[in-house]
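Inspection log for the structure reproduced underneath, given as structure tokens.
The values are calculated or read from the model by the stated rules, or taken from the named source; none is laboratory data. This one's a predicted model, so the numbers in the text were calculated from it and none came from an experiment. Cβ placement follows ideal geometry from the backbone for every residue including glycine, while neighbour counts extend to all protein chains displayed.
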Amino acid sequence: MEALSALVAAFDPAEGDALKAAEAASTSGFAYGLAAFGSAIGIGFLVGKSVEAMARQPEAAGMVRTTMFLGIAFTEALALIGFVVFILIGL
């Protein structure tokens, strides 16, 4: 946090656009970080439980694998939406 406050203090108060751009960049970076972190946790949990299900019932492995890949795609889509928000906030 000290680095962020030093960055904000370095700007001249008359330069409101530069300060706004710095705040937008830090906020959008934080938002994308949360989106990527949440997606990574979701995919890890999903794959772990899928492997556990395949180990318990090997005859259902095909159906579990298909469902796992669909879940991974939907979870990864959330990270991509977070990236789009990152770009939109940064503008």
If we keep only residues of the stretch 34-73 that are of a type in the set (S, T, N, Q) and surrounded by 13 or more Cβ atoms within 10 Å (Cβ to Cβ), then the residue nearest to F86 (Cα to Cα) is S39
Listed by first then second residue, the pairs whose first member lies in the stretch 29-40 and is farther than 14 Å from T75 by Cβ, whose partner is part of a helix (DSSP H, G or I) and at pLDDT 85 or above, with beta carbons under 9 Å and at least 6 positions apart or on separate chains, are Y32/A79
Could you name every one of the helices (runs of 4 or more DSSP H) located completely within the chain that has at least 2 residues being modelled with pLDDT of 80 or more? 16-56, 61-90
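So how many residues does the stretch 60-91 have that are under 15 Å from the mean Cα position of the chain (by Cα) and among the hydroxyl-bearing types (S, T, Y)? Quick ask: steps written out before the conclusion?
At the first step, the residues of the stretch 60-91 found to be under 15 Å from the mean Cα position of the chain (by Cα) are 72-89.
The next check asks that each one be among the hydroxyl-bearing types (S, T, Y); those that pass are 75.
Adding up the residues that qualify gives 1.
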